[in-house]
Amino acid sequence: MTGRIHSIESFGTVDGPGIRLVVFFQGCPMRCLYCHNPDTWKNAGGTEMTAEEILDEYEKGREFYKNGGITATGGEPLMQLDFLTELFTKAKGKGIHTCLDTSGIAFTRENAERFDVLTDVCDLVMLDIKHIDDAEHKKLTSVSNKNVKEYMDYLAEKNKPVWIRHVIVPGITLNDDALARLGKYIGRYRNVKALDVLPYHSMAKKKYKELGIDYPLKDTPDATKEQALYAREIILKNIRPSL
C-alpha cells in the first residue's frame, strides 16, 4: 500500500512531544480561510510512498527522536485512513511514539471499526478545533463541525489522550463568547491533556500567490502573542469550573 505524501519534515519540535519526524499527508476536505498549506488540498497531489519508506526516514535520525516519534499531519491524514493505520501499526512495531494531528473532520461513526484499529496504534491525538460554533465553523472552513465533535466524543470513549489546538484570528476566533464556549466544551472531557492556543499569521501569502489562489484574509492583521495569551486565559477560565 502507498500513501500520498506532500512532504516530510525532520526534527520537528512543535508537532507533539519531543523531537519528531513530521509527515504531511496530501488531501483535505476543508478550506480554512487561514490555511497555510493550500498545496495539500488536492487529493491527487503529493508523492506516493510506502510506510517502510517513511520509517526508513525515521531510522536515519532515530538517535535524535529518542523522546519524540512520528506525527502525521497535513492536509488531513484521516482522508487516507487505511494508509495512516498501516504506518502507525508498523511504527508501533518498532517502538515509535505515534501522534495524529487532525481536524477530525473525516471521522464517521459508520467507520468506527476502522477507526478502532487506528486508535489502538495511536498514542496521542492533537485535535484542531477551528471554531466551536457550527455556523461560524462553516464560514471559516466551508464545512460543519459535527464530525469534529463526534470524533471528540469517540476519543473520550476510548480514553485516548488529546491535545486541543485552537488558532486565534482577529475578527473571527478572537471572540470572548466563542472562547468561553470553547472552554466549557473542552471542560467536559477528562482525556484532554493540553491546550495550545496559536496566533494566526499571514506568512502563507506568498505561497497563495505562487499557486494563483486569492488569499482570503488579506486584510486581517496577524494575531499577537498577547492576544493568544488573552484567548487562552478565557478558555482556561471556563474549562476549570467544568472539571
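The values are calculated or read from the model by the stated rules, or taken from the named source; none is laboratory data. Not measured: the values here are computed from a predicted model. Note that each Cβ is placed from the backbone with ideal geometry, even for glycine, and that neighbours are counted across all protein chains shown.
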- [ ] State whether one or more residues within region 88-97 are at pLDDT below 95 and of a type in the set (V, I, T).
- [x] no
- [ ] Look at region 97-126 and say how many of its residues are among the hydrophobic types (A, V, I, L, M, F, W, C) and assigned to a loop (DSSP other than H, G, I, E, B).
- [x] 5
TODO: Report whether or not G74 is surrounded by 21 or more Cβ atoms within 10 Å (Cβ to Cβ), closer than 26 Å to I172 by Cβ and at pLDDT below 95.
DONE: yes
Open item on the list: Looking at region 29-37, can you tell me whether even one residue there is assigned to a loop (DSSP other than H, G, I, E, B), closer than 18 Å to V125 by Cβ and touching a Lys or Arg at 6+ places or on another chain (Cβ under 9 Å)?
Closed with: yes
- [ ] Sort through D153, D176 and tell me the only one that's touching a helix residue (DSSP H, G or I) at 6+ places or on another chain (Cβ under 7 Å) and among the charged types (D, E, K, R).
- [x] D176
Open item on the list: D196 - would you say it is under 22 Å from H137 (Cβ atoms) and free of Cβ contacts under 8 Å to residues at least 12 places away in the same chain?
Closed with: no
Open item on the list: Suppose the filter is within 19 Å of C122 (Cα to Cα), surrounded by 15 or more Cβ atoms within 10 Å (Cβ to Cβ), of a type in the set (G, A, S) and modelled with pLDDT under 95; does G12 pass it?
Closed with: yes
